[in-house]
1. Pull up all non-local amide H partners of B:ARG126: gap of 5 or more, or a different chain, and H-to-H distance under 5 Å with H placed in the peptide plane.
2. Taking amide H atoms as placed 1.01 Å from N in the peptide plane, list the residues 5 or more away in sequence, or in a different chain, whose amide H sits under 5 Å from that of B:SER52.
3. When only alpha-carbon atoms count, how far does chain B stretch along each of its three principal axes, as whole angstroms with the largest first?
4. Please state the relative contact order of region A:338-464 as a whole percent: Cα pairs under 8 Å, 6+ residues apart?
5. Counting only DSSP beta bridges with both residues in the protein assembly as shown, tell me the antiparallel percent, nearest 5.
6. Taking Cα centroids, how far is region B:7-24 from region A:146-197 in Å?
7. Once a ≥ b ≥ c are taken as the square roots of the eigenvalues of the Cα gyration tensor of the protein assembly as shown, is the result rounded (a/c under 1.5), prolate (a/b larger than b/c) or oblate (a/b not larger than b/c)?
8. Going by a ≥ b ≥ c, the root eigenvalues of the Cα gyration tensor, does region A:190-247 fall in the rounded group (a/c under 1.5), the prolate group (a/b larger than b/c) or the oblate group?
Amino acid sequence: MAPVDRKKKTPMPEQEPLVRAHNFKEVPLGYTPEMAQQEAARCLSCKKPQCVTGCPVNVNIPEFIQLITKGEYLASARKIKETNALPAVCGRVCPQESQCESKCVLGKKGEPVAIGRLERFVADFERNSGKIEMPQKAPPNGKKVAVVGSGPSGLTLAGDLVLLGYDVTMFEAFHKPGGVLMYGIPEFRLPKEIVEKEVDYLINLGAKLELNQIIGQTITVDELFQMGYNAIYVGVGAGLPHFMNIPGENLGGIYSANEYLTRSNLMKAYLFPEYDTPVVKGKNVAVIGGGNVAMDSARTALRLGADHVYIVYRRGRDELPARAEEAHHAEQEGVIFKLLNNPLEYIGDERGMVKAMKVQEMELGEPDASGRRKPVPKPGSEYMMDIDLAIIAIGAGANPLLTKNTPGLELNKHGYIIADDCGKTKKEAVWAGGDIVTGMATVIAAMGAGKKSAQAIHEYLSKK
Amino acid sequence: MNKILRKVELVKDIWEMVIESPNVAKKGKAGQFVIVMPEEKGERVPLTIANSDAQKGTVTLIFMVVGTSTRKLAKVKEGTDIYAFIGPLGHASEIKNFGTCVMVAGGVGTAPIYPIAKALKAAGNRVITIQGARTKDLLFWVDMMRSVSDEHIITTDDGTFGRKGLVTEPLKELLEKDTEKKIGNIYGIGPAIMMKFVAKTTKPFGVHTIVSLNSIMVDGTGMCGGCRVAVGGKTMFTCVDGPEFDGHLVDWDLLMARHKIYCTEEKCSLDKYVKECGL
């Protein structure tokens, strides 16, 4: 084995950019056992590990890494699963650079330990081994918990409460479980088979799943209590896409990122016509916005055969909300960044499909309420861009479908549920977490919220 | 769950399907819709509830076979479960005593208009129904519509049954005769072009006209915005803000243009289906 390099991470092989830009297979290929060994050897096993403090679900990072150095990969995976039911997902989509890895001591003089890549390695190793061991469960305590939404926070909470002996049922509005992991994040970043396997693990653990149930419509929250549930967790996500309300935005070929990604990921429009749901395939595509969802949309458009894909973002590179790695991947694959540009209007053809976009250049002014420099229009800088597909990825707001039919649940002025640090809402025995409380955030933040609420629900129901 | 209890072709290419779904049957109200998926690879298809029976726990849907998805729906066998059945979605119709209500149903629009007419009649309205079809052989639920109507007018484009012509003609006459302004509400449900002309006909008379829009949807829960329409110059989502809107305020040209976004893909999909499965 190569000598330990404390300065640099062991690189993870990836598909070549110009190859992967035309397929939906996963971009990073994962570590081999040798690579994992080499990377794990970099960990200093700090006495007071800072990395753990950076993890919203408190994974025991030094211990799982030590088990890798001993070649005990299955034990390592089980160590992670003590606190994290979705390691294969987290190893792929967590922003480790701003969480665990940002706290790693090695990061002071070089690159931190590649904790995310190691997590992914052991999770994949366990899954592929077929030797998925079920952890010890507390005996059934006869108490029922309903989880609304089977996205990252609901899955995490369900996993924790099942282990504690609760009878847990997840209610999912879609025909597939997983929430944003299924409809939002593309196959090339998070293969759906992996999400399905992680959900299967929870089902095997004893969690129940009811698909196609819209709580607030099919069954209300109060009716869930009447059905015998003792506590309810609401983790429905944000899910009401924002538009810019500029002229021409309702033309054909203009999507919210939610719709574009849901068609492609959940409905598998990328496999059309094998699957029946279509999606408009553009040759010249503008993605409006600069977050991770914008990057996912842009990279999906490339894979669906676009010649040119532009990220049109009104601020500068330093302000891009996307993870650096996502923006980098997009750029490598050929996505063109039009920074400090903002759409003003869309122009349609005789069929009502978008054919051009009027854009204005921006410059950065004084810092705004977010602390970022506010983009201001550059006078006389308007120009036209020929496009045949536009994807609006400027965020989402609170979907009122559940909240409007749940009396007693207090909302803030934006429609998000008001909850304390543990997710407790103003309504008796109802907790909430994830995007429906915080607004659009990350998978791991939602998982952290699910974890806290699981503990709080456990404390509450233990006293009953 | 979601078992198809009965499936019958009422008239050529128009199917009635009765589905066992106690929760939706209990909750679903006139004007609301459900989303169905014929199979895992299928589309999510929105269909307005045509009838429901809370006691039996059943929901009735009516659909016309047009493309791949509706062909697949028509093929799902009686006694089996439909892959996905989600609802009720959208707002229910406002039901109260408006005085006289005119229900204008075009083609397959008879199905969603029936429960609204039934509820309005039960609320004490005088219900006048104008039921239109291209030809006599495509008329369905005539007796059911009659049973909830005080007056029942049938039109066919070719004159093979009832009055020859379009639904808008008797509608205009009713409005002209209504000198005492007894008509409180008009409902138009059917193809977009028919609803557009119903709204155009009633506009000069200033009578509130409600239409139920059939936008293309994915989730049906407000999550994607694919069903957006312009109503009174504002963008609305058919799924969560509708499906009923003021017909005088709807941007019909936009609705119809958005119906055609996928015409190429729909043809491609149908060609593949026909090649593999026959017509």
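1. B:GLY99, B:THR100, B:CYS101
2. Long-range HN contacts for B:SER52: B:THR60.
3. 57, 40, 37
4. Relative CO of region A:338-464 lands at 14 percent.
5. Around 50 percent of the beta bridges assigned by DSSP in the protein assembly as shown are antiparallel ones.
6. Distance between centres, Cα-based: 32 Å.
7. It is prolate, given that a/c is not under 1.5 and a/b is the larger ratio.
8. Judged from the Cα gyration tensor, region A:190-247 comes out oblate (a/c at least 1.5, b/c at or above a/b).
Throughout, read-outs are computed from the coordinates displayed, never taken from laboratory work. Since this is a predicted model, take the numbers as computed values, not measurements. Cβ coordinates were reconstructed from backbone atoms using ideal geometry, including for glycine residues, and neighbour counts include every protein chain displayed.
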